[in-house]
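Worksheet: the structure to be examined is printed underneath.
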Amino acid sequence: MTKAVEFYFDVGSPAAYLAWTQLPKLAQEMHAEIEYRPFLLGGVFQATGNRSPMEVPAKGQYMQDDLARYARRYGVEFRHNPYFPINTLMLMRGAIGLQMREPARMQAYVDAVYRAIWVDAKNMNDPATVAEVLKQAGFDAEKLMALASDPAVKDQLKVQTQDAVSRGVFGAPTFFVNNQMFWGQDRLDFIKEALQ
């Protein structure tokens, strides 16, 4: 039986970005597969009554400092995005659409979007900026936006988000190993233990 870690993520979450940078190494080390589960964090917040920690001023400041600490520990670039929060609906539809139609390209897409938001601090609420980021990453932005508007893609994002809620997901990133749930990029050690 193949070991696997399910990874529920939304590109608007800085903690999910940090997890994204570390999970492939962990999975390789543990000889495990990553099952990517893009979902809409805003939809999960709405369904569960949760909200971003950044909406609580003292907690938001602490989180910014803590995320920067983890980025240094992981040796990855990270900048708080001045345009946060980012409306990720179209971006996550793009991820789901690629996962459905061109799965081999989904990781490159998510890499580009994560970099734009959490390294280059670009305004990914702006369609022209999104188009430029996608173009620079080798994607046909017009084609991707058409894919993100496909009814089947929209429905799949709803299904994946509802699936997350039904499994108890309340934030991002969330991981499952053998149906055991872990929340937060700072739980990677527990994920490693669960995969052993």
Restricting segment 167-196 to trypsin sites (Lys or Arg not before Pro) in coil, as DSSP defines it, with at most 16 other Cβ within 10 Å: Arg167
Spatial extent of segment 29-68: Rg and Dmax, with the Cα atoms as the point set, Å: 14.8, 40
Computed FRET value (nearest 0.05) for Thr2 with Ala128, which takes r as the C-beta separation and R₀ as 35 Å: 0.25
Inter-label distance, nm, simple model (7 Å from Cα along the C-beta direction), Glu29/Met54: 2.8
Val165-Tyr83 FRET efficiency (beta carbon distance; Förster radius 25 Å; 0.05 resolution): 0.40
Three principal axis lengths of segment 76-127 [C-alpha, angstrom, descending]: 33, 24, 13
For segment 4-61 versus segment 82-153, the gap between their alpha-carbon centres in whole angstrom: 17
Largest-first principal axis extents, alpha carbons of segment 60-146, Å: 39, 25, 20
Total formal charge among the other residues, if their Cβ is under 11 angstrom from that of Asp163, Lys/Arg +1 and Asp/Glu -1: +2
Solvent-accessible area per residue, Å², over segment 56-196 with all protein chains present [probe radius 1.4 Å]: 54
Label-point gap, in nm, between Met90 and Gln107 - each point 7 angstrom along Cα→Cβ: 2.7
Residues of segment 12-39 with amide N under 17 Å of a point placed 7 Å along Cα→Cβ from Ala68: 14-15, 18
Under 5 Å, built H, 5+ apart or other chain: amide partners of Lys3: Glu33
Accessible-area composition of the chain, carbon plus sulfur, in percent [1.4 Å probe]: 50
Label point 7 Å beyond Cα of Met100 along Cβ direction - residues of segment 147-176 with amide nitrogen under 13 Å: 147-161
Length-normalised contact order for the chain - Cα pairs under 8 Å, 6+ apart - percent: 34
Tally of Lys pairs whose C-alpha atoms are under 23 Å apart, taken over the chain, 8 or more apart or cross-chain: 9
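The values are calculated or read from the model by the stated rules, or taken from the named source; none is laboratory data. Note that the structure is predicted; figures quoted are calculated from it, not measured. Because the Cβ atoms are built from the backbone with ideal geometry, glycine has one as well, and the counts that use them run over all protein chains shown. All accessible areas refer to the heavy atoms of the entire protein, side chains included, with ligands and DNA or RNA removed. Shrake-Rupley method; radii C 1.70, N 1.55, O 1.52, S 1.80 Å.
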